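**Q** Submitted below is the structure of interest, expressed as structure tokens.
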Amino acid sequence: MEEFDHEVDAPRGATSREWEVFVREDTADPLTHVGSVSAPSADIAREQAASLFARTAVTLWLCPADETHRYQTDAATLGTGKAGDDATMSVDEMESETLRGENR
């Protein structure tokens with residue numbers, strides 16, 4: 001039996017780099033974030049992303065997750081729409097959270 005070279009219960013990204021995946025389904029459409037893949041290189045990430053997300057895409061972009069930064073305006077809230085409900089993160093909260101949802 002072959003030996004395995006990674007931990008089964010390791011947190012995602014512990015054994016390889018995480019890549020954010022963006023696709024454009026039509027040339028007139030904007031790029032849309034569709035998910036992420038873990039892979040040791042951009043070439044392998046492209047293969048994984050293409051098999052998972054690119055069935056109808058005309059464009060596929062990969063960005064290393066650890067080099068991707070998220071920003072939002074104060075007006076961009078994610079609340080329920082009820083008065084006084086504001087689900088936006090503070091700058092400190094955004095900076096302390098990684099793209100994998102883990103705290104630094």
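Since every read-out is calculated from the coordinates, none of them should be taken as a lab result. Because the structure is a prediction, the values reported are computed rather than measured.
**Q** Taking the alpha carbon gyration tensor of segment 15-68, what are the square roots of 5 times its eigenvalues, largest first, to the nearest whole Å?
**A** The answer is 20, 11, 7 Å, longest axis first.
**Q** Starting from the amide H of E25, placed 1.01 Å from N in the peptide plane, find each other amide H under 5 Å away whose residue is 5 or more places distant or on another chain.
**A** The answer is V58.
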